[in-house]
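Every read-out reported here was derived from the displayed coordinates using simple, explicitly stated rules and does not represent laboratory data. Note that the coordinates shown come from a computational prediction; the quantities given were computed from them, not determined experimentally. We place every Cβ from the backbone using ideal geometry, glycine too, and count neighbours over all the protein chains shown.
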Amino acid sequence: MSRQDSRNELLTKAVAHVGERGMGDMSLRSLAGAIGTSHRMLIYHFGSRERLLAEVLQRLRAEEQRVYFAEAPHTTRAQLLRSLWELYSSPASRGRTGNFFYVLGLAAQEPESYREFLDSLADWTRILGEQGLREGLDEKRAASEAYLLAWSLRGLLLDLVTSGDRARVQDAFDVLCASLDLG
């Protein structure tokens, strides 16, 4: 098995494990034990816990969003935004959402080290912008609203993760949708 094949296999196992349990404060040693390898192999292939976590999150997001975005041409922005909200604000996603903001914080401090992760964040903006065009918005308005929606949603998710005040955050999400006539 090539180094790349071994790396991909470890990443696939880590994605499955973290997808089920979250990573939280899990160490590389405990993750390695759970997926049948050593922490040294994880360091060899990924460099650090943070780099592994960034790649795991990228893969999880890509898999989830492939499913959600496949439906985008058959739905409205409001339905798409609500689907994303329901997925990422659910109590079952708390660990994964917290991990996302952990890696985003690392990326804010070292953008070039996390460039691929940061570039992947344009996915929500792209799909919401495309949906806005399908709904008749002009290009500039569709792009601006998509950016506003994507980053407002992430901001609300950050508030939910850090405050735990589900009622307040849900109310704010509902106001965001209503303010753009998204129902």
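Couple of notes before you dig in:
- Options (i) 69; (ii) 57; (iii) 61 - which one matches percent of Cα pairs over 19 Å apart as calculated here: (iii)
- The calculated FRET efficiency for the pair residue 172 and residue 141, based on their C-beta separation and a Förster distance of 22 Å, comes to about 0.45.
- Extension gain (nm, one decimal) between residue 4 and residue 92, 0.36 nm per residue minus Cα-Cα: 28.5 nm
- In degrees, nearest ten, helix 3-21 long axis to first principal axis of the chain (Cα): 60 degrees
- Computed from label points 7 Å out along Cα-Cβ, the spacing between residue 115 and residue 148 is 3.2 nm.
- Helix axis angle, 166-179 relative to the chain longest principal axis, alpha carbon, degrees: 50 degrees
- Here the spin labels are modelled as points 7 Å beyond Cα on the Cα-Cβ line, and at residue 17 and residue 62 they lie 2.0 nm apart.
- Options 10, 114, 151, ranked by Cα towards positive dipole end of the chain, top entry (Cβ charges): 10
- Counting neighbouring beta carbons within 10 Å and listing from fewest to most, the residues 127, 43 come out as 43, 127.
- Computed from Cα atoms, the angle from the helix 139-163 axis to the main principal axis of the chain rounds to 60 degrees.
- FRET efficiency, residue 162 to residue 83 (Cβ-Cβ, R0 22 Å, nearest 0.05): 0.45
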